[in-house]
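Okay, structure first, notes after.
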Amino acid sequence: MAFVSLNPTTNQIIQTHASWDTVQLERVLEATHRAQQIWGQTPFAQRAEILRNVAVQLRALREPYATIITQEMGKPLLEARAEVDKCAGTCDFYARHGEHFLDAETVASDAGKSYIAYYPLGVVLAIMPWNFPFWQVFRAAVPALMAGNAVVLKHAPNVPQCALSIESIFRAGGLPEGVFANLMIEVEQVADTIASPHIHAVTLTGSEAAGRKVAALAGQHLKKCVLELGGSDPFIVLHDADMEHTVNMAVASRFLNCGQSCIAAKRFILVPQIAEEFLQRFKTKIEALKIGDPMQEPTQIGPMARLDLRDTLHQQITDSIAQGAVAVAGCKPVEREGFFYQPSILDRVTAQTRAYHEELFGPVAIIIHAASDEDALRIANETRFGLGSSIWSKDAARAEQLSARIQAGCTFINGMVKSDSRLPFGGVKSSGYGRELSKLGMHEFVNAKTMWIR
């Protein structure tokens with residue numbers, strides 16, 4: 001079966017790529033395993049130099065890489081450029097700090113000398129999504145590579161050109177052949193790949209359903225697993241929020257990447273004092289967003305990545321309206337070529353509506369009215385997800401106290417939730433487990449080995 005690269009703006013096929021058979025897959029996995037044995041012994045300084053070269057490559061060819069991203073999954077070109085730059089920044093970050101993150105830690109014991117040393121696990125299988133087709137891969141791969149692991153990539157089937165480009169970027173930066181390899185395999189081949197003796201750990205960014213399957217397979221074969229899954233992030237607006245700043249950040253957080261982000265603000269939880277003002281300002285700003293060809297720089301909202309994603313989103317909205325929610329803006333597909341959906345607001349969402357309980361992965365903001373600050377916290381936690389969250393208030397100290405009670409992997413106060421190489425990233429509950437980025441993310445795929453010497 002072929003992988004099809006389809007432009008979601010025009011609904012036209014860009015290119016097709018043949019998938020691999022079992023023999024080809026096994027050959028690549030064996031080669032990657034061999035390559036890792038050498039790479040794991042490579043000095044940190046050499047690994048760091050290669051990552052710096054990769055960063056140079058990304059910045060030098062930012063425009064063609066951004067174009068591939070935009071044409072293949074539909075995000076506005078300005079956002080695609082920023083994604084490429086973020087990947088380069090992460091390469092620089094781990095080139096600078098990676099060796100120190102893995103410094104041996106001396107521990108006093110009954111030995112003459114005892115310490116914890118960190119060694120690579122081996123080959124990490126990275127199963128990655130389409131919504132940030134460069135960033136999600138680099139976020140997972142760069143710390144693993146700097147730690148001495150090899151990485152094989154199973155990318156989403158609708159972004160094969162992005163996957164091939166990433167492989168070529170690492171090779172051009174000087175990474176030895178086989179240390180990073182793109183696998184052109186079907187979903188049905190993932191189970192055998194995880195089972196392979198050449199795979200030592202798995203990291204997945206994707207849906208809750210995919211996470212459950214991968215976790216079960218990794219557990220069956222006793223392999224380390226990190227999961228970054230869906231989110232339905234609460235955006236809690238308290239009575240004393242700076243309204244202009246809060247609304248601007250609400251628009252940015254919900255509609256970046258056409259709303260197709262696991263850490264986008266999705267549930268806007270409003271206390272009574274500010275609900276009407278927030279909603280009116282929010283509506284005005286999102287109705288001014290420019291929808292169009294993502295290759296044109298003024299465009300702020302491009303198409304959704306696939307037709308089936310748009311259809312699923314619209315069904316969620318239709319069902320929620322039938323259950324009592326109110327369409328304040330949009331809530332319909334755009335009548336034009338491509339997979340466009342109107343920037344939308346769905347008000348009066350309650351526990352009786354589908355949108356209250358499910359992740360809406362597209363340009364739709366849902367409004368939930370809370371009776372008080374305490375009620376807002378209850379609503380924020382009344383979800384099976386726990387990825388990101390934010391609180392908006394001029395009283396940052398009080399907001400910080402409230403944040404301790406939110407069940408999520410991170411809370412941002414008066415700021416938009418984002419991933420940052422300096423800080424650990426990941427979730428709780430059905431949003432997954434384990435962490436990416438920072439020192440903690442690098443430590444996910446190492447053997448923390450105890451050394452005891454008489």
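The values are calculated or read from the model by the stated rules, or taken from the named source; none is laboratory data. These figures come from a predicted structure and were not determined experimentally. Heads up, the Cβs are rebuilt from the backbone with ideal geometry, glycines too, and the neighbour counts pull from every protein chain shown.
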Check on Val137, assigned to a helix (DSSP H, G or I) and out of contact with any Phe, Trp or Tyr (no Cβ under 9 Å at 6 or more places or on another chain): yes
Residue list for the range 367-386, filter: surrounded by fewer than 24 Cβ atoms within 10 Å (Cβ to Cβ) and assigned to a loop (DSSP other than H, G, I, E, B): Ala370, Ala371, Ser372, Glu382, Thr383, Arg384
Number of the exception - Arg171 against (1) in contact with a Pro (Cβ under 6 Å, 6 or more places away or on another chain); (2) free of Cβ contacts under 8 Å to residues at least 24 places away in the same chain: (1)
In the range 280-311, the residues that are more than 18 Å from Ile69 (Cβ to Cβ) and either touching a residue at least 12 places away in the same chain (Cβ under 8 Å) or among the aliphatic types (A, V, I, L, M) (or both): Arg281, Phe282, Lys283, Lys285, Ile286, Glu287, Ala288, Leu289, Ile291, Leu307, Arg310
Meets criteria (in contact with a Pro (Cβ under 9 Å, 6 or more places away or on another chain) and not small (Gly, Ala, Ser)) for Ile263: no
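Would it be correct to say that Cys258 is without any contact (Cβ under 8 Å) to a residue 60 or more places away in the chain, outside the structural domain of Gln136 (by TED's automatic domain parsing), surrounded by 15 or more Cβ atoms within 10 Å (Cβ to Cβ) and at positive phi?
Details: without any contact (Cβ under 8 Å) to a residue 60 or more places away in the chain: no; outside the structural domain of Gln136 (by TED's automatic domain parsing): yes; surrounded by 15 or more Cβ atoms within 10 Å (Cβ to Cβ): yes; at positive phi: yes.
No: the conditions fail for Cys258.
Conditions (1) closer than 24 Å to Arg139 by Cα; (2) within 24 Å of the chain's Cα centre (by Cα), marked per residue:
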| residue | (1), (2) |
| --- | --- |
| Ile366 | no, yes |
| His369 | no, no |
| Asp373 | no, no |
| Trp392 | no, yes |
| Ala396 | no, no |
| Ala404 | no, yes |
| Val446 | yes, yes |
| Ile453 | no, no |
Cross-chain or 6+ apart pairs with Cβ under 8 Å, the range 313-332 first and under 19 Å from Phe255 (Cα atoms) and in the same structural domain as His369 (by TED's automatic domain parsing), then basic (Lys, Arg) and surrounded by 14 or more Cβ atoms within 10 Å (Cβ to Cβ): Gln316/Arg354; Val328/Lys283; Ala329/Lys283
Within the range 333-366, considering residues that are of a type in the set (D, E, K, R) and either over 15 Å from Cys258 (Cβ atoms) or assigned to a strand (DSSP E or B) (or both), the one modelled with the lowest pLDDT: Glu335
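Given the criterion crowded, with 19+ Cβ neighbours inside 10 Å and hydrophobic (A, V, I, L, M, F, W, C), identify the matching residue among Ala216, Ala156.
Ala156
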Residues of the range 6-35 satisfying the condition of being within 20 Å of Pro157 (Cα to Cα), of a type in the set (Asp, Glu) and touching a residue at least 40 places away in the same chain (Cβ under 8 Å): Glu26
All positions within the range 109-164 that are under 18 Å from the mean Cα position of the chain (by Cα), basic (Lys, Arg) and more than 17 Å from Ile194 (Cβ to Cβ): Arg139
